[in-house]
Amino acid sequence: MSDVREPNNIVLTGFMGTGKSTVGRLLAERLSLKHIDTDQMIERRHGPIPRIFEEQGEAGFRQIERAIANELSTDIGYVISTGGRFMLDEENAALLSRGNRVFCLVAEIQVIMNRVMRRRSSRPLLAGKNPRERVEALLAERADGYAAFESIPTDERPPNKVVEDILSRL
C-alpha cells in the first residue's frame, strides 16, 4: 500500500505566453478532469480583463483573483490554469497549494514574445511602446515567486510533450 496520494487539483502557473491555458486543457482531457482557466472565469463574470484594469486598476483585478482563489480552494478534480501573477499573491498561493500539485510553466523571453505579441491587445500589462522591455522587467520581478514552484519548460515543445512531462512527474 502506498502513502502517495493524488492531488486534489493540478494548478498551472507561470508567465503569460508559457502555455498554461493550452496545456491545462490538454492535461485535463488526458486525466479526465475538468479545466478551469482563471482569466476566462474572471472575464465571464466581470467582463474583459483590459476593461477591469481600466475601470478598477490592477488592485481591483487582484482582488477579483483572490476571490476566485478562495472559491477554488475547496474544489476537487480540476486542472486550474492561472493568470500570470495569480500564484505570486501569497494568499492565492497558500490557498491553491494546499492539497494540490502546482507546476510553473516557463519559456525563454523570445518564445514568450512570439506567443504574446499575437494577442497583445488582450494583455494590459503589455501596453506601451516597448513590450519586450516590459516583459523582461516583469520576468525579473517575478523570478523568485515562480521559482517557488516546480518548473516545466515549454520552449520549442509542442503542448502534448509538455503534458507528458507533467504526467511523468505526477
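The values are calculated or read from the model by the stated rules, or taken from the named source; none is laboratory data. This one's a predicted model, so the numbers in the text were calculated from it and none came from an experiment. When we count neighbours, we look across all protein chains shown, and the Cβ atoms used for this are built from the backbone with ideal geometry, even at glycine. Only protein heavy atoms, including side chains, enter the accessible area calculation; ligands, DNA and RNA are left aside. Shrake-Rupley method; radii C 1.70, N 1.55, O 1.52, S 1.80 Å.
Can you tell me which residue among ILE76, ILE80, ILE36 is among the aliphatic types (A, V, I, L, M), touching a strand residue (DSSP E or B) at 6+ places or on another chain (Cβ under 9 Å) and open to solvent by 60 Å² or more (accessible area, probe 1.4 Å)? Criteria check complete, one pass: ILE76. Report every pair of residues separated by at least 6 positions or lying on different chains whose Cβ atoms are under 6 Å apart, first residue within region 81-109 and free of Cβ contacts under 8 Å to residues at least 40 places away in the same chain, second among the hydroxyl-bearing types (Ser, Thr, Tyr) and open to solvent by 20 Å² or more (accessible area, probe 1.4 Å). Every condition considered, the pairs that remain are LEU95/SER73.
Note on region 16-25: among residues that are touching a strand residue (DSSP E or B) at 6+ places or on another chain (Cβ under 9 Å), over 17 Å from LEU96 (Cα atoms) and not hydroxyl-bearing (Ser, Thr, Tyr), the one that is least open to solvent (accessible area, probe 1.4 Å) is VAL23. ALA28 meets each of the listed conditions (1) touching a Lys or Arg at 6+ places or on another chain (Cβ under 8 Å); (2) part of a helix (DSSP H, G or I); (3) under 15 Å from GLU150 (Cβ atoms) apart from (3). For region 119-162, residues that are open to solvent by 60 Å² or more (accessible area, probe 1.4 Å), in contact with a helix residue (DSSP H, G or I) (Cβ under 8 Å, 6 or more places away or on another chain) and either part of a helix (DSSP H, G or I) or at pLDDT below 90 (or both) total 7.
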